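Below is one structure; the comments refer to it alone.
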């Protein structure tokens, strides 16, 4: 880790929180990951605000977020139209001070998809347009509060 | 972690080693990740066997593997033709006994893309066809040897 590099960056990255995997059917994907990799899924959660049903698979160091569209207006429908069997949709980087990161992103003309909004887990998050990050959709999230 | 589930699975998953991000130009992507996220890249490595040039970005718990095609025969060209700006190409799951995992995969009719082969880092790896894993291309790798 180069601390100076971090301090000068727009969004100092700490770690990866999860990999987002869009699927047409959540239950099928959960059973499949369990059978192949022995991964146990969390309870399914409906996230109205993001138009998805999700479940997390925990894998020691990182989570896999399985996402299924909730309705016709779901923002992942377009992705699934292009990838009908599902696919890797985004990954999520954790940063310490999300509001400062967002402000630096905007003042440096980084194309962001939304202002920091509270996710279903209570943490603030925003997305960067993939054209800024070499084609990868990246979610920025603040760290989980220490219990 | 449910140990019984793991033992009964085809490829008991331990952790994520890296996220593979295919890009049209490695140097541009390295500079971009450094500027935006303060991530420092490893030296660039030419992997003839896989037809790619790669660099790793370390992020505490997980690596990001940036990959650029080496020539016209590179296996990531098709992906980049569909995603000209780049995109998330695969992610890599670590399993303890890769030969047993491979044998169980095959005897359970899982569509695998290759037999375990030594990667540039000296560890054995194979890929599963995305149709088996809900559209996500997943690489299976054995753990790094303890130094």
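Readers should treat all values here as calculations from the given coordinates under stated rules, not as data from a laboratory. Not measured: the values here are computed from a predicted model. Neighbour counts are summed over all protein chains in view; Cβ atoms, including those assigned to glycine, are modelled from backbone coordinates with ideal geometry.
Taking R0 as 22 Å, what's the FRET efficiency between residue A:61 and residue A:81 from their Cβ-Cβ distance, rounded to 0.05?
Here the calculated transfer efficiency is 0.10.
How much FRET efficiency would the formula 1/(1 + (r/R0)^6) give for residue B:120 and residue A:118, where r is the Cβ-Cβ distance and R0 is 41 Å, rounded to 0.05?
It comes out at approximately 0.45.
With a 10 Å Cβ neighbour count serving as the proxy for reagent exposure, in which order, fewest first, do A:127, B:37 appear? Numbers along the way, then the final one.
Working: A:127 16, B:37 25.
Taking fewest neighbouring Cβ atoms as first place, the list is A:127, B:37.
Would you calculate a helix-derived [θ] at 222 nm for the protein assembly as shown, using -39,500 (n - 2.57) for each DSSP H run of n ≥ 4 and dividing by the full residue count, to the nearest 500?
-6500 deg cm²/dmol
One quarter of the convex hull surface, Cα atoms only: what value does that give for the protein assembly as shown in nm²?
Spelled out: convex hull of the Cα atoms, projected over all directions, averaged, 15.4 nm².
Average partner chain C-beta neighbours within 10 Å, per residue of A:55-62?
Taking the mean over all residues of the peptide, I get 4.
Computed on alpha carbon atoms, what radius of gyration and Dmax characterise chain A, expressed in Å?
Both quantities, over Cα of chain A: 15.8, 47 Å.
Using a cut-off of under 14 Å, list every residue of region B:120-134 whose amide N is near the label point 7 Å from the Cα of residue B:108 along the Cα-to-beta-carbon line.
Residues B:128-129, B:132-134 qualify, since their backbone N sits under 14 Å from the label point.
Using only Cα atoms, tell me the angle between helix A:26-37 and the longest principal axis of chain A; keep it within 0 to 90° and round to the nearest 10.
Tilt relative to chain A: about 90 degrees.
Just checking the output field for A:26-33: average partner chain Cβ neighbours within 10 Å of each residue's Cβ? Could you put the intermediate results ahead of the total?
Details: counts 1, 0, 1, 4, 1, 0, 3, 6.
Mean number of neighbouring Cβ atoms from other chains: 2.
Taking the Cα-to-Cβ direction at residue A:127 and at residue B:28 and moving 7 Å from each Cα, how far apart do the two end points lie in nm?
In this crude spin-label approximation the distance works out to 2.3 nm.
Any chance you could check the Cα centroid distance between region B:61-126 and region B:1-47 for me, in angstrom?
With region B:61-126 and region B:1-47 each reduced to a Cα centre, they are spaced 11 Å.
If we count other beta carbons within 10 Å of each Cβ, what is the order of B:53, A:82, fewest first?
Fewest-to-most ranking of B:53, A:82: A:82, B:53.
What does DSSP give for the protein assembly as shown in terms of the percent of beta bridges that are antiparallel, rounded to the nearest 5?
Restricted to the protein assembly as shown, the bridges split so that about 75 percent are antiparallel.
Given points 7 Å out from each Cα along the Cα-Cβ axis, report the residue A:15 to residue A:99 separation in nanometres with one decimal.
Each label point is offset 7 Å from its Cα along the Cβ direction, giving 2.5 nm.
Counting only DSSP beta bridges with both residues in region A:12-141, what percent are antiparallel, rounded to the nearest 5? It would help to have the intermediate numbers written out before the result.
Details: 26 of 35 bridges.
Expressed as a percentage, antiparallel bridges in region A:12-141 total about 75.
Helix A:98-107 sits at what angle to the longest principal axis of chain A, using alpha carbons and giving 0 to 90 degrees rounded to 10?
Result, in degrees: 70.
Would you work out the relative contact order for region B:3-141, in percent, from Cα pairs under 8 angstrom that are 6 or more residues apart?
Working: 259 pairs, mean separation 34.9, N = 139.
Reported as a whole number, the value is 25 percent.
Arrange the following residues from fewest to most other Cβ atoms within 10 Å of their Cβ: B:101, A:74, A:107, B:58. Intermediate results must be reported in sequence, preceding the final value.
Values: B:101 25, A:74 19, A:107 9, B:58 14.
Final ranking by Cβ density, sparse to dense: A:107, B:58, A:74, B:101.
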